[in-house]
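Here is the structure we will look at, set down as structure tokens.
The values are calculated or read from the model by the stated rules, or taken from the named source; none is laboratory data. These numbers were taken from a predicted model, which means no experiment stands behind them. Quick reminder, even Gly has a Cβ in these numbers, built from the backbone with ideal geometry, and neighbours come from all protein chains shown. The accessibility values were calculated without ligands, DNA or RNA, using every heavy atom of the protein model including side chains. Shrake-Rupley method; radii C 1.70, N 1.55, O 1.52, S 1.80 Å.
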Amino acid sequence: MMPQVTTLSNKERTKLPHQEMPLRPAESRVLNFDEVPVGYSNDQALSESLRCLHCKKPACVGACPVGIDIPGFIRLIEEGDPAAAAKKIRETNFLPAVCGRVCPQDKQCQAVCVVGRKNIPVGIGNLERYAADYERTNGTLEIPVIQEPTGKRVAIIGSGPAGLSAAYELTIRGHEVVVFEASHRAGGVLVYGIPRFRLPLRIIDEDVRFLTRLGVRFVYNMVIGKVLTLEDLLHQEGFDAVMIGTGAGLPRMLNVPGSNANGVYSANEYLTRIYLMEANHFPKYSTPVSSGKKVAVIGAGNTAMDVLRTAKRLGAEPTCYYRRSHDEAPARSEELKHAEQEAIGWRWLSNPVEFIVDENNFVKQIKCERMELSEPDETGRRKPLPTGNFFVEDCDTVVMSLGCSVNPIIPSTDAEIRTNKWGVITVDSNTCQTSKKGVFAAGDAITGGSTVILAMGQAKKAAAAMHEYLVGKPVSASFEVLNGVPATVS
Ligand SMILES: Cc1cc2nc3c(=O)[nH]c(=O)nc-3n(C[C@H](O)[C@H](O)[C@H](O)COP(=O)(O)OP(=O)(O)OC[C@H]3O[C@@H](n4cnc5c(N)ncnc54)[C@H](O)[C@@H]3O)c2cc1C
Ligand code: SF4
């Protein structure tokens, strides 16, 4: 791309049309798992970059959990240098291609973009993805400067966005980093939760390979708390500090008759079997999943949208059952819109009360009570109220997508790790240090479930504090902050 510096006034910039991210057509995209948004062309990226006003006090930067210099990288795209733009993003964000695809920009940086006051905000996420993809496809990624070895060893438990970010931050500070991961590949929810049509596997694999090039070692199939404990890591294995990044993978299930029937899954299990264990290629791979003909998905959050769209691609007729109405659905509007484009069934104001089974205890029908919404209460939210009217529909698979909690395995094997009443690991909010000396935590394990970028932001904070700890500086420790409640779809 030719460098081009423009001299557009702010008035001229605000008149430029927003560039929509092109999508593959709904009819063809449901036939496979290829990525749905195709990415900006060079011309589109340039046009969108020209919409940024380069605010003196950019609100977008303050709303980014890792503080990316947003106007700075957009300026570099405008100047025709996407490789430099990617490098600029990498100053604070180690996973730009991931974040450009999955971050909820509509609730963070783009929500406060001044252009959005009267117009569509600048497409910050789409531009981030553009720069990151340019870097990947043109091989412009540079190896960062790594500090002299400190001789200190750090164990990171879990290889989701929190673990990967912390691994990067600690490695470039000169520490030796080993990541212990329970499953057989790295990435956490990026690999086993977020579907391939939103986040292709090659992107995560490249980020993991990059870390290994920097010297990070990954130990797979290693469940900390079962095979080795925190104490083992610190005393027997000789690590100087540990970071817990184990996420919030314990699913919530509805407690109604038939919940334990064959063919009833949690969203985590359903997506994990498909994306991590390749269940959709059974019997080539050994973990089957009933992708079924009629899949009933309970809940209407982002994970429910991922399950619905995955089931559709496996040839099923998925239907969403949610006890509130469309307007209360917790999914991001874009996720809901994409699911709606893909010919999925919707049963709003429908509360499942039973899963009816056949003589072999396989689910065959779902029974729901029709709900109605109350007047808004003091919180402004309308509650779903039962009507006493029921309906029954056929289904052969049920997937519950009702939120998750933190897995208790590590706190339950180390009495020094404190949790709040929901099992969320309690940390000092400034340093992410847990109640156990030398052990830090970040990500969903300390929030009960949030977002990729928040997990990364906490991991950066934890890594900075761990570095201080490792080089012998005092780290503050106050554990009164309860960091969160488990994520739930209500
Ligand atoms: C289906 C789905 C879709 C989502 N979509 C989005 C989205 O579009 N955008 C967004 O921002 N967020 C999304 N999220 C949320 C986001 O993925 C999480 O907030 C984020 O992944 C949390 O990162 P983490 O590193 O804390 O944990 P995880 O990503 O959960 O990683 C934890 C890792 O720790 C490993 N582990 C657990 N216990 C142990 C143990 N005892 N020993 C060793 N390893 C262990 C796990 O195997 C896993 O690899 C989604 C979540 C789900 C479930
Ligand atoms: S708030 Fe919007 S216009 Fe201002 S710098 Fe950020 S992206 Fe550009």
Which condition breaks for Met277 when tested against (1) open to solvent by 10 Å² or more (accessible area, probe 1.4 Å); (2) assigned to a helix (DSSP H, G or I); (3) free of Cβ contacts under 8 Å to residues at least 40 places away in the same chain? (2)
Which one of these does Ile120 not meet: (1) assigned to a helix (DSSP H, G or I); (2) more than 14 Å from ligand 1 (Cβ to nearest atom)? (1)
Criterion first (open to solvent by less than 40 Å² (accessible area, probe 1.4 Å), within 16 Å of ligand 1 (Cβ to nearest atom) and hydrophobic (A, V, I, L, M, F, W, C)) does Cys52 satisfy it? no
Counting only residues that are more than 16 Å from ligand 1 (Cβ to nearest atom) and either open to solvent by less than 30 Å² (accessible area, probe 1.4 Å) or under 21 Å from the mean Cα position of the chain (by Cα) (or both), how many does the range 63-83 have? 11
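Could you count how many residues in the range 144-197 are part of a loop (DSSP other than H, G, I, E, B) and among the aliphatic types (A, V, I, L, M)?
Counting residues in the range 144-197 that are part of a loop (DSSP other than H, G, I, E, B) and among the aliphatic types (A, V, I, L, M) gives 5.
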Pick from the range 445-458, criterion farther than 20 Å from Thr92 by Cα and outside any loop (DSSP other than H, G, I, E, B), ranking: most open to solvent (accessible area, probe 1.4 Å): Thr447
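Does Arg129 meet the test of being part of a helix (DSSP H, G or I) and touching a strand residue (DSSP E or B) at 6+ places or on another chain (Cβ under 9 Å)? Before you say what the answer is, go through the steps one by one.
Details: part of a helix (DSSP H, G or I): yes; touching a strand residue (DSSP E or B) at 6+ places or on another chain (Cβ under 9 Å): yes.
The answer is yes for Arg129.
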In the range 279-310, how many residues are away from ligand 1 (no atom under 12 Å from the Cβ) and at pLDDT below 95? 15
Consider Pro96 carefully, then state whether it is modelled with pLDDT of 95 or more, within 13 Å of ligand 1 (Cβ to nearest atom) and buried (at least 22 other Cβ atoms within 10 Å of the Cβ). no
By residue number, the members of the range 171-196 that are touching a helix residue (DSSP H, G or I) at 6+ places or on another chain (Cβ under 7 Å) and aromatic (Phe, Trp, Tyr) are Tyr192
When (1) at negative phi; (2) surrounded by fewer than 23 Cβ atoms within 10 Å (Cβ to Cβ); (3) assigned by TED's automatic domain parsing to the domain that holds Ser259 are applied to Cys395, the one that fails is (2)
